[in-house]
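Chemist: My questions all concern the structure below.
Throughout, read-outs are computed from the coordinates displayed, never taken from laboratory work. A quick note: this is a predicted structure, and the numbers were derived from the prediction, not measured. Quick reminder, even Gly has a Cβ in these numbers, built from the backbone with ideal geometry, and neighbours come from all protein chains shown.
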Amino acid sequence: MNTIPKLITDRWSPVAFDSRKVDHDTLHLLFEAAKWAPSARNAQPWRFIYATSDMPEYEVFLGLLSEPNQVWAQTAPLLVLPLAQAISTYKNRPNRLAFYEAGMAVGNLLLQATHMGLLVHQMGGYDVERAKVELAIPTRFEPMAMMAIGYKGDAAQLPREVAAWETRERDRMEISKFLVAGKCT
């Protein structure tokens with residue numbers, strides 16, 4: 001019988017990160033995996049902006065996060081902001097597949113991270129408009145979910161209410177709730 005690979009089921013979103021740096025070669029492999037995502041016309045309508053904890057820009061990334069996210073994300077050695085190229089360079093028109101394809105690139109990155117023992121927590125809780133300005137994002141791109149990336153840390157180092165996230169039960173919606181045969185009615 002076929003099963004879902006552990007690479008998929010082991011992926012999760014922690015709040016406790018170790019301070020160990022993500023080295024350059026590992027960082028490169030994450031984005032190499034993202035590069036191989038499928039895209040129409042091979043446009044690869046994604047970009048990734050990142051900052052490691054030893055870069056001055058790290059504080060800019062951290063400052064864009066909501067206060068609750070800052071509490072725990074400050075322990076992650078790598079913050080990444082994926083972008084979707086919403087306006088295509090092909091005919092200079094909206095690219096309706098940009099978020100879909102950029103999402104697949106992020107999916108590849110998540111699987112590669114899991115494969116290498118890294119953990120990724122994606123966050124919608126950040127100031128998108130400030131990010132556009134402070135990170136000098138070109139107008140044809142739209143920011144997606146910011147990601148904290150690193151190695152497993154000690155949840156005991158976080159406030160109790162935040163650390164509780166680490167021990168929560170993981171669950172997913174039943175397939176019958178999102179799989180529709182034929183047409184939506």
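Chemist: How would you rank 5-13, 64-72, highest first, on the average number of other Cβ atoms within 10 Å across their residues?
Modeler: 64-72, 5-13
Chemist: Go through 175-183, 82-90, 25-33 and give me the packing order, highest mean Cβ count within 10 Å leading.
Modeler: The most tightly packed comes first, giving 82-90, 25-33, 175-183.
Chemist: Can you flag which of Lys152/Lys177; Lys91/Lys183; Lys6/Lys183; Lys21/Lys132; Lys21/Lys177 are past 30 Å Cα-Cα?
Modeler: Lys152/Lys177; Lys91/Lys183; Lys6/Lys183; Lys21/Lys177
Chemist: Continuing with this model, one more query. Could you give the distance between the Cα centres of segment 124-185 and segment 1-35, to the whole Å?
Modeler: So the separation of the two Cα centres works out to 15 Å.
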